[in-house]
Amino acid sequence: MKKVVTLGEIMLRLSAPNYQKIVQTQSFDAVYGGGEANVAISLAKFGLDSSFVTKVPDNAVGTSAIQQLNRFGVKTDHVIRGGERLGIYFFEKGFSIRASKVYYDRSYSSFAMSKREEYDFDAIFAGADWFHISGITPALSEELFFLTKKALAAAKEKGITTSCDLNYRSALWSFADARKKMTDLIKDVDVCIGIEPLQLLDSNGQDIKEQLPETPDLDDYKKIMLVMQRQFGTKYIAMTKRTHLSVNRNRLQALLFDGHEIYQSSDVEVDIIDRVGTGDAFSAGMIYSLINQFEPQTAVEFALGCFALKHTIEGDANLVPISDVEKFMQRSFAIDR
């Protein structure tokens, strides 16, 4: 069984129910979530040996977060206990023409205050085939930027395939800082998910992504991805495309570049129950596809299926099994009896 390790922060998500605004609700629905934790849960559901690494407080809330991961089959042997608190985020679900909103309360969390020396990557990466991170962790602090850098370098030194969902969050750091630091990190990444925020300068010192037309075509994306491959040595580059028909209905598509050709998935329109974690579902689908050596077109269709189906699942994590993704790929929507 292939082993995948993810590193990041798990948080308590508090959502206003029934599309209420936070200022009007009298209660919150509570679940746990976070980018890399969501990926770990998806991969465990797919039958991989999935391990999540983080730091949580040594109290009932930290224990509850760990138990949630274990419930879905994620291993937590290398979760560190300590610090003051679990990070929290508040979620206000939009509807129709009113956009969703996220409010973070994660400063000084156990993970945000953790140190590089607390993580033993020889033990963490024992037997691992794949290591996944996102652009969220290095955004949390200078220390966690260096932790991410150390982890990627250690994984590469051990011959482990690495992936990164660039996952820019404007609430966490500036675009300029994100470009500088993610460009530094990406040299140790084999599979890159997304194209921003990376710095790809032309001979005039302008970023070539900023020269893309308003509606880029496949050739436009391929040119960008070829530059990324040459500059960083990235083996695979994947990304999603989203058209907003309304807050509750989107058209989705995905792309995968294998270093030679660019592959485009079919497109699908989805009605949205919960959009949070959909990018993490795509990352998990891409990791599962590539670790099992799917043909590129099959890989991008499988990842699209994970991406699309998560929109129909309440909560942070994608809880669908492989059989549901395969049914989606066949566009089979009959009742499963």
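The values are calculated or read from the model by the stated rules, or taken from the named source; none is laboratory data. Bear in mind the structure is a predicted one, so any value in this text is a computation, not a measurement. Using ideal geometry, Cβ is built from the backbone for each residue, glycine included, and neighbour counts are taken over all protein chains shown.
A few notes on this one:
Matching residues to (1) charged (D, E, K, R); (2) within 17 Å of the chain's Cα centre (by Cα); (3) closer than 27 Å to Gly83 by Cα:
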| position | (1), (2), (3) |
| --- | --- |
| Met1 | no, no, no |
| Asn18 | no, no, no |
| Gln24 | no, no, no |
| Glu36 | yes, yes, yes |
| Phe52 | no, yes, yes |
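- When Cys306 is tested against (1) farther than 25 Å from Tyr168 by Cβ; (2) at pLDDT 95 or above, exactly one condition is not met: (1).
- The set of residues in the range 240-277 that are over 17 Å from Ala303 (Cα atoms) and in contact with a His (Cβ under 8 Å, 6 or more places away or on another chain) comprises Asp271, Ile272, Ile273, Asp274.
Yes or no, residue by residue, for (1) among the hydroxyl-bearing types (Ser, Thr, Tyr); (2) part of a helix (DSSP H, G or I); (3) surrounded by fewer than 19 Cβ atoms within 10 Å (Cβ to Cβ); (4) in contact (Cβ under 8 Å) with a residue 24 or more places away in the chain:
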position: Leu245; (1), (2), (3), (4): no, no, yes, yes
position: Leu252; (1), (2), (3), (4): no, no, no, yes
position: His260; (1), (2), (3), (4): no, no, yes, no
position: Val270; (1), (2), (3), (4): no, no, no, yes
position: Ala281; (1), (2), (3), (4): no, yes, no, yes
position: Ala284; (1), (2), (3), (4): no, yes, no, yes
position: Ala303; (1), (2), (3), (4): no, yes, no, yes
position: Ala317; (1), (2), (3), (4): no, no, no, yes
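- Among the residues of the range 150-181, the ones that are in a loop (DSSP other than H, G, I, E, B) and either more than 12 Å from Ile133 (Cα to Cα) or more than 18 Å from the chain's Cα centre (by Cα) (or both) come to 10 in all.
- In the range 300-326, of all residues being polar (S, T, N, Q) and under 27 Å from Tyr19 (Cβ atoms), the one that is nearest to the chain's Cα centre (by Cα) corresponds to Asn318.
- Residue in the range 96-114 that is touching a Ser or Thr at 6+ places or on another chain (Cβ under 9 Å), exposed (fewer than 15 other Cβ atoms within 10 Å of the Cβ) and touching a residue at least 40 places away in the same chain (Cβ under 8 Å) present: yes
- Subset of the range 1-21 [in contact (Cβ under 8 Å) with a residue 60 or more places away in the chain, more than 22 Å from Ile136 (Cβ to Cβ) and among the hydrophobic types (A, V, I, L, M, F, W, C)]: Ala16
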